[in-house]
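Undergrad: The structure under discussion is supplied below as structure tokens; questions concerning it will follow.
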Amino acid sequence: KNMSLNDIVTYIAGIVAKRAEQGKNYGTVLIPEGLIEFVPAVKRLIAELNDFLANNAEEFSHIKKSHQVEYIASKLSKENAETYSSLPSGVARQLALDRDPHGNVQVSQIETEKLLSDMVATKLAQWKEEGKYNGKFSSLHHFFGYEGRCAAPSNFDADYCYSLGVAASALIVNGKTGYMASVRNTIA
């Protein structure tokens, strides 16, 4: 939707504030894993970071971890440096982590859910001071990763697990504890 990071944060904070007005200081927000790379300003930042870190890997490897964020910000274009500096330090560090084999940011390594909840908390604290928000906000994160991408089991998966279950139950019925059930292809 071509939304900025601030647009997304304001949108989420607005929903939290509206729910708080109704006495609902709870809720669930689902954040797509790759969302961060579709935010235009962050997309531009990641592209420049990828190029910069690919071309300056040797020099960057000698920078102390405690100085990496400042070092990177000093080497970026003004617009991208502002975006980079606006990020919580943990997320800024994650953007500088090891690249994939193609030299790109490993988006799954970026804790987008924590970035957004930190920024929403900051926005809500600001609104509270301005009298625009009167609720409570705390966050609990769970990254589903592969769990969220899994498909229904195939026929092979179902048959294999059924066979393991039958073998395991046969062991238990016969008092054979401490054994491991296995399924082998015995077709000769």
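The values are calculated or read from the model by the stated rules, or taken from the named source; none is laboratory data. Note that the structure is predicted; figures quoted are calculated from it, not measured. Cβ coordinates were reconstructed from backbone atoms using ideal geometry, including for glycine residues, and neighbour counts include every protein chain displayed. With ligands, DNA and RNA removed, areas are computed over all heavy atoms of the protein, side chains included. Shrake-Rupley method; radii C 1.70, N 1.55, O 1.52, S 1.80 Å.
Undergrad: Counting only residues that are surrounded by 10 or more Cβ atoms within 10 Å (Cβ to Cβ) and under 30 Å from residue 8 (Cα atoms), how many does region 124-177 have? I'd like the intermediate steps shown before the answer.
TA: First pass over region 124-177, keeping only residues surrounded by 10 or more Cβ atoms within 10 Å (Cβ to Cβ): 124-128, 132-137, 139, 141, 143-145, 148, 153, 157-172, 176.
Within this subset, residues satisfying the condition of being under 30 Å from residue 8 (Cα atoms) are 124-128, 132-137, 139, 141, 143-145, 148.
Result for region 124-177: 17.
Undergrad: Additional query: Mind checking which residues of region 100-123 are over 14 Å from the mean Cα position of the chain (by Cα), open to solvent by 10 Å² or more (accessible area, probe 1.4 Å) and at pLDDT 90 or above?
TA: Across region 100-123, the qualifying residues are 119, 121, 122, 123.
Undergrad: Given the options 99, 184, 93, name the one that is closer than 30 Å to residue 55 by Cβ and in a loop (DSSP other than H, G, I, E, B).
TA: Just one listed residue meets the conditions, 99.
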